[in-house]
Every structure is written in C-alpha cells, then in structure tokens.
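The values are calculated or read from the model by the stated rules, or taken from the named source; none is laboratory data. These numbers were taken from a predicted model, which means no experiment stands behind them. No Cβ is skipped: glycine too gets one built from the backbone with ideal geometry, and neighbour counts run over all protein chains shown.
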Amino acid sequence: MSGAPAWMAPWLPVAAAFAAALLTRGAGIVLSGRVEPETPVFNWFACVGQALVGGLMVRAIFLPTSALAETPTLDRAIAIAVGFAVFFLSKQRLLFGTFAGVGTLALLVAFRGIG
Amino acid sequence: MSIGPPPGDLKNPFRAGAIHAVGAPAIGLFVALMGYGALTRGMGQEFIVMWWAVFTVWSMPALMTFSELAVSGAGMWAIFVAVLFSNLRNIPMVVTALPLVRAEPGIKWRDFVIAQLLSPTVWVHVLVQAPEMPKPPRRRFFTGFAVVIFAAALFGAWVGYAGIEAIPKSIGISILILTPLYLLLIMVSVRQLSGYLALGFGAVAVPWLMQWSVDWGLALGGIGAGTLGFLLGGGYKPRGRT
C-alpha cells in the first residue's frame with residue numbers, strides 16, 4: 001500500500017475485497033443469463049452450490065474456528081441430532097428444529113459449566 | 001415457519017418477503033455477524049472498515065479471509081486473490097437463484113441487487129420456495145426477504161463489535177450453531193436426489209479438503225462433490241428434479 005495517501009490505507013483493502021466479490025457475483029449474473037431452470041446445467045450448478053454451502057455448514061459445526069470450538073464435539077452432535085429429530089417430528093417446522101438444536105446445546109453448555 | 005410454499009398473501013410481495021425473513025433467518029444472520037463483529041474488534045480492525053467490508057463483500061468466508069489478511073497488512077493483490085477464491089461459492093448460488101426469480105428473459109440491472117444481497121440463507125429459500133410461487137412477484141418477494149436479512153446482519157455486526165462482552169458467554173456460544181443448523185434443515189428439504197447426494201458428499205469432502213487448503217479445498221471439494229451428486233443422482237437428465 002506504499003505510495004497511497006495515509007487516509008486511503010484502510011480503504012484500499014476494502015476496495016480490493018469488494019472488487020473480488022463483485023467479480024464472482026458478476027460472473028454469476030453473466031452465466032445466469034444462459035442458464036434455464038430445470039436443465040442439466042442448472043442442476044449441476046445447484047448441486048455444486050449445495051455441496052459448497054452444505055460443506056461449509058458442516059465445517060462450521062464440527063471443525064469450528066469460532067467460540068463453538070470450546071464445546072465438546074459430542075455436545076454439538078447431540079444438538080444437531082435433536083434439531084433434526086424435532087424438525088422431522090414436527091412436520092418440517094424450521095423454527096422448532098432450529099431452536100430445539102440451539103436450546104439443547106445451551107443446556108449442555110450450562111450443564112458442563114462452559115463460559 | 002415450515003418448509004414449503006411462501007406466504008399466500010403476495011399483494012405486496014416486498015413486504016411479504018420482508019415479513020417472511022423475520023424470525024430464524026434474520027436472527028441467524030444477526031448472530032453470525034455479531035460473532036464476526038466481536039472477532040474483528042479482538043483483531044483490532046477499525047469499526048467503519050469492518051462495517052463497510054460487510055456491506056460490500058457480504059459473504060462470511062470472504063469476510064473472514066479479508067479481516068485476517070487486512071489486519072496482518074497483506075497487499076491489495078493478495079487480498080483480491082484470497083477473497084476471490086473464498087467467494088467462489090457465490091457463482092453457483094447466483095447462477096441458480098437468478099433464473100428462478102426472473103419474470104422476463106435477459107439480464108437486468110435489478111439482477112445486480114439480488115446478486116449482491118444473496119447469502120446462503122437467501123439462496124436456499126429461493127431454491128426451495130421460488131418454484132412454489134407465481135413468477136411475477138418472486139423478485140420483489142426475495143428482495144424484501146434479502147434486505148431484512150442484510151439489515152439484521154449489519155445490525156448484528158455493530159452489536160457484536162460494540163457490546164459482545166454484555167452477552168453471557170454460554171448463550172453466545174450456543175447461538176453460533178443456529179445458522180448452520182437452520183441452513184442444513186432447509187437443504188434437506190430440497191426434494192431432489194442429486195441435491196441430497198451433493199449435500200452428503202459435500203458435507204464430507206469440503207471440511208476434509210479444507211483442512212489441507214482453505215481456498216482450494218473449498219473449490220475442489222464443492223465442484224467434485226457437486227459433480228458426483230449430479231452424476232449419481234441423475235441431475236443430467238433434462239427437467240431432472242430427480
């Protein structure tokens with residue numbers, strides 16, 4: 001960042017990150033103009049998206065870099081299992097499943113005296 | 001809220017979408033960005049820089065990459081390349097979301113608004129719920145939905161940066177599981193064999209490969225697992241909701 005005025009220094013990294021983000025979204029927009037729903041190409045992109053997002057979510061739960069890492073893996077697995085069980089038993093009610101999972105983890109965290 | 005068709009009253013689609021986002025979707029992003037705000041404060045990043053990064057980059061993996069590199073004094077080119085790779089997941093999300101919310105063919109300037117506001121939460125809702133809606137109100141419905149999510153996230157980033165110490169740690173930790181669990185629950189509702197398989201393969205391959213390389217593992221794991229699910233699940237068949 002040498003050569004740039006001092007006041008610009010914090011903003012140049014933001015500009016670089018914005019440009020990169022814009023490029024990926026722009027590429028998506030251009031490609032989307034050529035892709036129709038319910039076609040094999042659309043299905044492939046949807047599958048890649050599901051694999052990417054699903055993988056990131058599983059990583060966030062079981063290999064967390066956040067404060068979640070302070071909880072035992074078993075507790076997180078129990079919370080996820082309870083969330084899924086309640087979700088399907090309640091005829092796929094998202095809020096029931098989500099908050100059952102969060103509540104289970106909160107109880108386990110309190111039980112173990114973490115935090 | 002359950003998975004399935006979105007609310008029936010679509011006379012004002014933007015408002016209906018905004019209301020639909022209030023609850024778990026908005027809380028999830030509020031909490032996720034609260035964590036990010038708190039993290040960046042710990043890193044010593046300026047609030048206004050962090051907040052503008054959320055506003056412009058709007059992608060958690062890319063934001064984490066950005067903050068780690070920015071506070072360590074990395075150059076603009078390094079930041080550009082790293083954010084580009086950590087943002088690759090946006091391409092399939094945008095490619096599949098826009099055709100579902102477009103009422104007319106061709107690329108319009110409004111596509112940029114949806115693309116910029118798209119997050120995994122918004123994308124999964126588009127994928128599951130857009131096909132259940134008539135085409136004309138879709139764009140405004142999901143714009144309203146995405147704007148509320150975005151506002152909740154910006155607010156969460158501010159709260160996290162300004163006052164994370166005020167929240168009991170046990171609650172703060174437990175809430176971090178909300179967004180990943182919420183998104184996984186929505187994703188298992190996509191009634192498509194190739195989608196299920198891609199999700200299952202991605203759940204194993206992406207975290208495993210990301211231990212080797214965060215950026216390359218994400219890209220290779222996502223493309224490999226997605227393609228495997230696509231092939232084994234028969235997604236190559238035309239009109240393949242298999």
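Pairing residues of region B:217-234 that are over 8 Å from A:ALA51 (Cβ atoms) with residues that are of a type in the set (D, E, K, R), at Cβ distances under 8 Å and at least 6 apart in sequence or on separate chains, gives B:LEU218/B:ARG89.
Here A:ALA16 meets each of (1) on the phi > 0 side of the Ramachandran plot; (2) touching a Phe, Trp or Tyr at 6+ places or on another chain (Cβ under 6 Å) with one exception, condition (1). For region B:49-74, filtered to residues that are surrounded by fewer than 20 Cβ atoms within 10 Å (Cβ to Cβ) and under 16 Å from the mean Cα position of the chain (by Cα), the residue that is nearest to the other protein chains (Cβ to nearest Cβ) is B:THR56. When restricted to residues that are in contact (Cβ under 8 Å) with a residue 40 or more places away in the chain, more than 8 Å from chain A (Cβ to nearest Cβ) and not β-branched (Val, Ile, Thr), region B:193-216 contains 3. Listed by first and then second residue, the pairs with beta-carbon distance under 9 Å, at least 6 apart or on different chains, first residue in region B:75-91 and within 7 Å of chain A (Cβ to nearest Cβ), second small (Gly, Ala, Ser) and assigned to a loop (DSSP other than H, G, I, E, B), are B:VAL83/B:SER59; B:ASN87/B:SER59; B:ARG89/B:SER59; B:ASN90/B:SER59.
Only residues in region A:45-66 that are closer than 11 Å to B:VAL204 by Cα count as the first member; pair them with residues that are outside any helix (DSSP H, G or I), Cβ under 6 angstrom, at least 6 apart or cross-chain, and list the lot. If the second residue must be outside any helix (DSSP H, G or I), the pairs left are A:LEU52/B:ARG89.
Inside region B:178-192, residues that are more than 7 Å from chain A (Cβ to nearest Cβ) and within 18 Å of B:LEU218 (Cα to Cα) make up a count of 0. Looking at B:VAL113, B:VAL124, B:VAL81, just one residue is assigned to a helix (DSSP H, G or I), out of contact with any Pro (no Cβ under 8 Å at 6 or more places or on another chain) and at pLDDT below 85, and that residue is B:VAL81.
Restricting attention to region A:70-115 and to residues that are more than 8 Å from chain B (Cβ to nearest Cβ) and farther than 29 Å from B:VAL190 by Cβ, the residue that is surrounded by the most Cβ atoms within 10 Å (Cβ to Cβ) turns out to be A:LEU108. When we screen B:ILE107, B:ILE149, B:ILE171 for residues that are surrounded by 21 or more Cβ atoms within 10 Å (Cβ to Cβ) and of a type in the set (Val, Ile, Thr), the only hit is B:ILE149. Looking across region B:5-44, just one residue is within 12 Å of chain A (Cβ to nearest Cβ), outside any helix (DSSP H, G or I) and modelled with pLDDT of 85 or more, and that is B:VAL22.
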